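Report on one structure; see the data block that follows.
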Amino acid sequence: MEWQDCTAKMEIDVPASVAYKCYSDREAIPNWMPFISSVQVLEDKPDLSRWSLKYNAFGRDLEYSWLARNMQPIPNQKIHWRSLEGLHGRGAVRFYPKGPSSCLIELTVSYEVPQLLAPVASALQPFLENLLKSGLDRFAKYAKSSGSTR
């Protein structure tokens, strides 16, 4: 299997602490990442979560799921995870303060390319990075509205 990394960055108009707090709510991630259909944190093991991905691309319905473990976070700076079963992947979201009321968010997702997609993996990277970027666009709006209600 082949691994692929995708990264998206965006400056948003909320403090790093607000962005971090919003992104820490894993079950809310489907609100801004359209290809993530659900995230369920395990009640008895809150560092574990079950993720589902559904997306129609290139005329095919793609569906994958995985169990992920959140690694030890660095408050207001970094959240990172890795999958334990299902779709093999890992990722991190980093928060860089740009001032008292804005931050740069960098989202990197690395995944093992499913055999079905191996022939087009390199062509998929710009497509996937655009998906991540559009997710960060939606996250910026979500965090801004959430930050104003906190």
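The values are calculated or read from the model by the stated rules, or taken from the named source; none is laboratory data. Owing to the predicted nature of the structure, the values given are computational and were not obtained by experimental measurement. Counting neighbours? That spans all protein chains shown, and the Cβs are built from the backbone with ideal geometry, glycine included.
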Scan segment 99-125 and report the pairs whose first residue is more than 17 Å from Met33 (Cβ to Cβ) and whose second residue is in a helix (DSSP H, G or I), with Cβ atoms within less than 6 Å and a gap of 6+ or a chain change. Cys103/Ala16; Cys103/Ala19; Val113/Ala121
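So that you can scan it fast, the table gives a plain yes or no per residue for (1) buried (at least 17 other Cβ atoms within 10 Å of the Cβ); (2) at pLDDT 95 or above; (3) in contact with a Pro (Cβ under 7 Å, 6 or more places away or on another chain):
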site	(1), (2), (3)
Ala57	no, no, no
Arg60	no, no, no
Ser65	no, no, no
Arg82	no, yes, no
Gly89	yes, no, no
Val93	yes, yes, no
Gly99	no, no, no
From (1) surrounded by 14 or more Cβ atoms within 10 Å (Cβ to Cβ); (2) within 21 Å of Leu87 (Cβ to Cβ); (3) in contact (Cβ under 8 Å) with a residue 40 or more places away in the chain, pick out the condition that doesn't hold for Val14. (2)
Residues to consider are Ala118, Ala140; find the one that is among the small types (Gly, Ala, Ser), within 25 Å of Glu85 (Cβ to Cβ) and touching an Asp or Glu at 6+ places or on another chain (Cβ under 9 Å). Ala118
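Hey, among the residues in segment 105-117 that are surrounded by 13 or more Cβ atoms within 10 Å (Cβ to Cβ) and out of contact with any helix residue (DSSP H, G or I) (no Cβ under 7 Å at 6 or more places or on another chain), which one's modelled with the lowest pLDDT?
Only one residue tops the list, namely Pro114.
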Here the residues within segment 33-50 that are at pLDDT 95 or above, surrounded by 14 or more Cβ atoms within 10 Å (Cβ to Cβ) and of a type outside the set (Ser, Thr, Tyr) are Val39, Val41, Leu48, Arg50
Reported set for segment 33-63 where residues are over 22 Å from Phe139 (Cα atoms), touching a Ser or Thr at 6+ places or on another chain (Cβ under 8 Å) and either among the basic types (Lys, Arg) or in a strand (DSSP E or B) (or both) is Glu63
Quick one: in segment 67-80, of everything that is touching a strand residue (DSSP E or B) at 6+ places or on another chain (Cβ under 8 Å), aliphatic (A, V, I, L, M) and outside any loop (DSSP other than H, G, I, E, B), which residue is surrounded by the fewest Cβ atoms within 10 Å (Cβ to Cβ)? Leu67
If you go through segment 126-150 one residue at a time, how many are exposed (fewer than 15 other Cβ atoms within 10 Å of the Cβ), touching a residue at least 12 places away in the same chain (Cβ under 8 Å) and over 18 Å from the mean Cα position of the chain (by Cα)? 1
